[in-house]
Amino acid sequence: MFADFVDTLADVLDDHETNGEELALRLHFSRFHFDRMIKSVAGEPPAAFRRRILLERAAYRMITTRAPLIDIAVEAGYGSHEAFTRAFKQAYGVAPATWRRKPGHIQIAAPSDVHFHPPGSIRLPARDKVTPMELLTKMVEHHVWLTGEMVRLAERLTDEQLDEEIELNVDEDRQSIRSLVSRLIGQMGMWNAAMATRDYDWSVEDHESLASMRQRLATEGPTYLAHVRDVADNGRVDDTFVDALCEPAEVFTYGGMIAHVLTFAAHRRTLVVLAFAKHGVEELGWGDPMRWVAEPA
């Protein structure tokens, strides 16, 4: 029932003529039972709940638009600048004009943890909290996926474009789209080999074909991701393994190895997407994992 209330409120948030009686009627309750049930679940009456959401949205509008404060006040359901200022100052501790110059958190503390969610909705709190290990796994999943997308999009380019040098005046190694994507796959392959105590064939990265990259990624990507999932699921981030491929052999933690891969991969991926954009291939944007990790599994 509370979820239905939140959905209904989102639908009529801008209809300031809709009052508590009408909301209760929409949900097939008397006003008395409606107010009592919402307060018992949300920790605040429906009217206060709505005012808070509208104030949070107003705070968001102050940051993301140049609309005059009086327009934002009217949009939030206040008939005057003075009334809006009083309500905003009570919720945020400072007047709207002051907050706009130096904004803080948009969300106002609430027992239900239900808040305005930009750009224009209300979101219930997540039932399941994302753990640090789940976040780590999602970042690696994004890395494997994005590397695959880079191989796919590289097929649109000519050999000359794939091998064109990416100019960097702080790195003596000659880089190209081909060499960087091959190294992204090879980095996972190298660590797969180290964890399995077997040799890694570096020669495969010497002017590697896209067909070879696709084939290698189909093996190395899932294998590396399986290692990460095992480490995350079993709390083995601090466990160590011996990399016998080093001269001399070295001991690494799994967590350190994953952090190493993601750090250097981020640099290489950024160079690739920038080089793609130079050749008119822009659908990956910056290759940013921000939205990927925010999406539910």
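The values are calculated or read from the model by the stated rules, or taken from the named source; none is laboratory data. Being a predicted model, the structure only gives us computed values, none of them experimental. Note: ideal-geometry Cβ built from the backbone for every residue, glycine included; neighbour counts use all protein chains shown. Quick note on the areas: whole protein, heavy atoms, side chains included, nothing else; ligands and nucleic acids left out. Shrake-Rupley method; radii C 1.70, N 1.55, O 1.52, S 1.80 Å.
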Using only Cα atoms and rounding to the nearest 10 degrees, what angle (0 to 90) does helix 254-278 make with the longest principal axis of the chain? 90
On the accessible surface of the stretch 58-166, probed at 1.4 Å, how many percent belong to carbon and sulfur atoms? 54
When the convex hull of its Cα atoms is projected in every direction, mean area for the chain (nm²): 21.5
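Which order do the peptides 254-261, 269-276 come out in when sorted by mean C-beta neighbours inside 10 angstrom, highest first?
The most tightly packed comes first, giving 269-276, 254-261.
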So for the stretch 230-296, using the alpha carbon gyration tensor with a ≥ b ≥ c as root eigenvalues (a/c under 1.5 gives rounded; past that, a/b versus b/c decides prolate or oblate), I'd call it oblate
Over the chain, what is the relative contact order in whole percent, taking alpha-carbon pairs under 8 Å and six or more residues apart? 14
With all protein chains present, calculate the accessible area of residue 113 using a 1.4 Å probe and round the result to the nearest 10 Å². 70
Expected field for residue 212, accessible surface area in Å² at 1.4 Å probe radius, rounded to 10, holds 30
Take the alpha carbon gyration tensor of the stretch 148-200, find the square roots of its eigenvalues, order them as a ≥ b ≥ c, and report rounded if a/c is under 1.5; if not, report prolate when a/b exceeds b/c, else oblate. oblate
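Say R0 is 45 Å: what FRET efficiency, to the nearest 0.05, do residue 40 and residue 277 get from their beta-carbon distance?
The value I calculate is 0.25.
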The stretch 214-266: C-alpha gyration tensor shape, a/c 1.5 cut-off, then a/b vs b/c: oblate
Leaving out ligands, DNA and RNA but keeping every protein chain, what accessible area does residue 293 have, in Å² rounded to the nearest 10, with a 1.4 Å probe? 40
Could you work out the relative contact order of the stretch 228-294, using alpha carbon pairs under 8 angstrom and six or more residues apart, expressed as a whole percent? 19
Taking Cα atoms only, helix 132-154 is inclined relative to the longest principal axis of the chain by an angle, in degrees rounded to 10, of 60
Given charges of +1 on the Cβ of Lys and Arg and -1 on the Cβ of Asp and Glu, with all other atoms neutral, how large is the dipole of the chain about its Cα centre, in debye to the nearest 20? 1780
Using only the Cα atoms, work out Rg/Rh for the stretch 19-149, with Rh taken as the Kirkwood radius, to two decimals. 1.09
Residue order for 66, 183, 174 - accessible surface, 1.4 angstrom probe, largest first: 66, 174, 183
